[in-house]
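Read-outs throughout are calculated quantities, based only on the coordinates presented, and are distinct from any laboratory measurement. Everything numeric here is computed off the predicted structure, so don't read it as measured data. Glycine gets a Cβ as well: all are built from the backbone with ideal geometry, and neighbour counts include every protein chain shown.
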Amino acid sequence: MDYIEENNNITAPHINGKFLYYAFIAGGRQILQNQVELNRINVFPVNDKDTGSNLASTIRSVIDSIKPHKSYETMVNNIGHASLMGARGNSGVIFAQFLHGLGRETRDKSIITLPEFAETVKRSIPYIYEAIAKPMEGTMLTVIKEWSEFLNSKKESVHNFESIIIDSLTVLEKSLAGTTAKLKELNKTGFVDAGAKGFVLFIKGIIDFIKDRNIRSLVSEQEPAISLIHTEEISDEEIDFRYCTEAVIKNLTISKKEFQNILEKRGDSIVVAGSDSICRMHVHTNTPAELFHELKDYGLISYQKVDDMVRQQETAFKRKWNIALVTDSTCDLPMDLIDRYQVNVVPINLNFGDNHYLDKVTIQPEQFYERLETSEEFPRTSQINEQAFTNLYSHLASHYDAILAIHLTGKFSGTYMNSKKAGQRIEKEFGKPVHVIDSKNISGGLGLIVLKAAQEIEKGMPLDQIVHSVENDLDQSKIFVSVRNLKYMIRGGRVSKPKGLLAKALGLNPVISMDKDGKSILFGKTFSQAASIGKVFRHIRNIGEGKAIWNYAILHADNNEGAKEAESEMKKITGRQAVSVVNISPVIGMHAGKGAVAVSLMFKN
């Protein structure tokens, strides 16, 4: 390798892009291997125990995006861009902004000397402070700044690049130890700052690489993360703002300061990294949907990420059971049941034109259906990527004994397969079981399967038994969707335009259901929605003869009156109220269209 030929001794006066690439991998592996410990000591700015998971996610996103390059300038810019796009959490965004600054401050350097490197580190510090609305000393900021001061104090007198990096560990460890006294939240616990420790571990990994030069170990398979026994200490700290919200905004039309002011009105822990052409924001807020409704006027929202910090805190401190339950946002259960059973819901991606949203998180059904009526652009959906599941599962595996995930039909989306691949990766990394199941259903049908699994977890049933029960329940869960207006299915391409226009002219109202393989089927068609719903109830009576209904749910797309009528009819059949009556997920409702009404039910085995 060119790297070995050019950097084969400890007195190298410079480094190139390949050195930087392998050094980053080495530093990143230290964070990946210690993410559980970083989660454990995370108490600032919010005691949600996810700093390790967030830094690990940021590292993974860079490692998965970059390739070795001989030029230092090319490599540092590639790392900076990848980290900015993949940053997660407060510490992840701060770390990414530092790397972004290194890239912005490096010009025309195929190789870089210690004095030049120290100078770019120094010039990167203001990028971090400018990005944070309220910079706090005693965090990663302080440690990076004091590390920079050490490098700059040595840059003129010594030209041994690598030995100076090795010597800097003493300064880093002293700075890290000092964080405990600088922040009252840390002083109360005796912990050091988790983000700061992550940075120290990153540099320590680089130093270990400098000492042993074992490139083969870096490109070989990662060692499994060692999971610590989780503490049962309950934190009484209140979370003022529930959602850790991040986004990439392109072509910002207001200043970064004005942008920060908008965020300050919605929450705290504000970071705006990057530049006007592409910036990454981080804020803790209770109203992500309202925030992004406002932000769409100030730039192109090309990426969003929202973490539920209440659920994260429950994961770390207040787990009700030892099995984590995961689903996606097409699972139409009401929030009170989601919260009661501590279900982790991962949102499907939704796009109106080039603006990106997260289903039922940064755009709520009411906002969605209003925009569906007025927008010239028909919305598009995209599956949840593997990285999103990897991030979640790594956090859950740090605290739970097992993970069970149940998703919408794999015939509609690649979400199930991405979840499965991420589960296999985390299962190997943590040595804990991750079961991922294709529900072969959607909306309320998926919701009932998840609810039944949640209740079995609550009863303390063994994981294998729950998985077996869920697989048996798949055939017992049904959904029937009465479509009021075909124009949405025509616009979305679910029905061809000629056939759709003919059906509209005839006044046909189709009923959509799911077959046993998870494919949508045309169950029937009538000349009014009242007739189509009537057809649904007749069918339910026929297939339910001699069977008991375990539970049922009513779904609607902005059609409260239709939902009430449907529940009234189901009461006559079952003798009880629905487990839930909810506005159907936008991802499903975009095709069924405004006014649709659905009934989902599950028979007892």
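In terms of the Cα gyration tensor, with a ≥ b ≥ c the square roots of its eigenvalues, is the stretch 379-484 rounded because a/c is under 1.5, prolate because a/b exceeds b/c, or oblate? The shape class here is oblate. Can you pull out the GluC sites (Glu not before Pro) in the stretch 362-458 that DSSP calls coil and that have at most 14 other Cβ atoms within 10 Å? Answer by residue number: E376, E377.
For the chain, the share of DSSP beta bridges that are antiparallel, to the nearest 5, is 75%. Computed with the Debye formula from one identical point scatterer per Cα of the stretch 286-335, without solvent, the log10 of I(q)/I(0) at q = 0.15, 0.19, 0.22, 0.25 Å⁻¹ comes to -0.64, -0.88, -1.01, -1.10. A Förster radius of 60 Å combined with the Cβ-Cβ distance from S163 to K411 puts the calculated FRET efficiency at roughly 0.50. Given axes a ≥ b ≥ c from the Cα gyration tensor, I'd like to know whether the stretch 524-593 is rounded (a/c under 1.5), prolate (a/b larger than b/c) or oblate. Oblate shape, in that a/c is at least 1.5 and b/c is the bigger or equal ratio. Rounded to the nearest 500, the 222 nm mean residue ellipticity of the chain from helices alone is -15500 deg cm²/dmol, with -39,500 (n - 2.57) taken per DSSP H run of at least 4 residues.
Specify whether the C-alpha gyration tensor of the stretch 94-189 places it in the rounded, prolate or oblate class, a ≥ b ≥ c being the square roots of the eigenvalues: rounded for a/c under 1.5, otherwise prolate if a/b is larger than b/c and oblate if not. Since a/c reaches 1.5 but b/c is at least a/b, the shape of the stretch 94-189 is classed as oblate. If only the Cβ of Lys and Arg carry +1 and only the Cβ of Asp and Glu carry -1, the dipole of the stretch 238-310 around its Cα centre is close to 300 debye. Rg over Rh for the chain works out to 1.02, using Cα positions for both radii and the Kirkwood form for Rh.
Can you figure out the FRET efficiency of T189 with K145, using R₀ = 30 Å and their beta-carbon distance, to the nearest 0.05? The computed FRET efficiency comes out at 0.80. Can you give the local net charge around I540? Use residues other than it whose beta-carbon is closer than 12 angstrom to its beta-carbon, Lys and Arg +1, Asp and Glu -1. Every neighbour counted, the sum reads +4. Full extension of the chain between K318 and K265 gives 16.1 nm of extra length, using 0.36 nm per residue less the Cα-Cα distance.
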